[in-house]
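Here the structure comes first, spelled out in structure tokens, and everything after it is commentary.
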Amino acid sequence: MFKKYEIYQIHTVITMNKIKDIIVFRYGHRIVRDYRVSSHCSLVSRALGASKIIVCGEEDKSMKESVDDITERWGGPFEVIFTDNWKKELKKIKKENYKLIHLTMYGEQINDIENEIKNEEKICIIIGSQKVEREVYELCDYNVSVTSQPHSEIAALAIILDRLQDGKEIKKEFSNAKTKILPQKNGKKVIHLK
Ligand SMILES: C[S@@+](CC[C@H](N)C(=O)[O-])C[C@H]1O[C@@H](n2cnc3c(N)ncnc32)[C@H](O)[C@@H]1O
């Protein structure tokens, strides 16, 4: 019979986290209509540890400027880039050895697949806005659901980012920040670094 600490050690080996880089791919963006949700997807990606968001759709300079402004003040690295061809871009990302993880309510449940995904080194999380074409499901390495209920790409993205980084992204230190918050039990404390 295993002693308690031996079981703990086995568990630690099985769930070792190898992820080194996470990028996000937003499938579909229309100026005005998607401004708010795509901006929030970008802000969540940045704050929760992704290094880049690639937005496929109309090039929205205003959205990029507002996210770049946050990165300039609160630190990075974080990039927002646009593409108009999802297939070409996803194939390119795949060639760069990223595993493609498509978030969809129809996919395998996150609880059942997260440990397997943690064995990958580079991952690209794909979130939809409009209806996602069948080919995306087929091109991706994993189709993953965060509950098997319809909800929001912002919420699904936040949850998978947290799960795949074991909560460590909450304490991430950002480079070249001009502004930083010192967490307080009560009140607000902000320091200006530059
Ligand atoms: C708000 S949904 C809209 C889907 C669109 N109306 C359609 O018919 O396909 C947008 C995106 O949120 C994400 N999403 C929504 N519910 C999800 C769930 N339960 N698990 C994972 N992702 C989910 C998916 O990436 C989806 O493409």
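Bear in mind that the values in this text are calculations on the coordinates, not laboratory data. The shown structure was predicted, so the numbers you read here are calculated from the model rather than taken from an experiment. With ideal geometry, Cβ positions are generated from the backbone for all residues, glycine too; neighbour counts draw on all protein chains shown.
Which count do you get for residues in region 131-155 that are in contact with a strand residue (DSSP E or B) (Cβ under 8 Å, 6 or more places away or on another chain) and more than 8 Å from HIS102 (Cβ to Cβ)? Matching residues across region 131-155 total 10.
For region 100-121, indicate whether the set of residues that are of a type in the set (Phe, Trp, Tyr) and more than 16 Å from the ligand (Cβ to nearest atom) is non-empty.
No, the conditions are met nowhere in region 100-121.
Taken over region 142-154, the criterion of being closer than 27 Å to TYR35 by Cα and over 11 Å from the mean Cα position of the chain (by Cα) is satisfied by ASN143, VAL144, SER145, VAL146, THR147, SER148, GLN149, PRO150, HIS151, SER152. Filtered by the rule that a residue be touching an Asp or Glu at 6+ places or on another chain (Cβ under 9 Å), within 13 Å of the ligand (Cβ to nearest atom) and either of a type in the set (Val, Ile, Thr) or assigned to a loop (DSSP other than H, G, I, E, B) (or both), region 147-173 gives a lone residue, ILE160.
Across region 122-146, the qualifying residues are those that are β-branched (Val, Ile, Thr) and assigned to a strand (DSSP E or B), and the one among them that is nearest to the ligand (Cβ to nearest atom) is ILE127.
Residues in region 174-194 that are in a loop (DSSP other than H, G, I, E, B) and touching a residue at least 40 places away in the same chain (Cβ under 8 Å) were compared, and the one that is farthest from THR104 (Cα to Cα) is LYS178.
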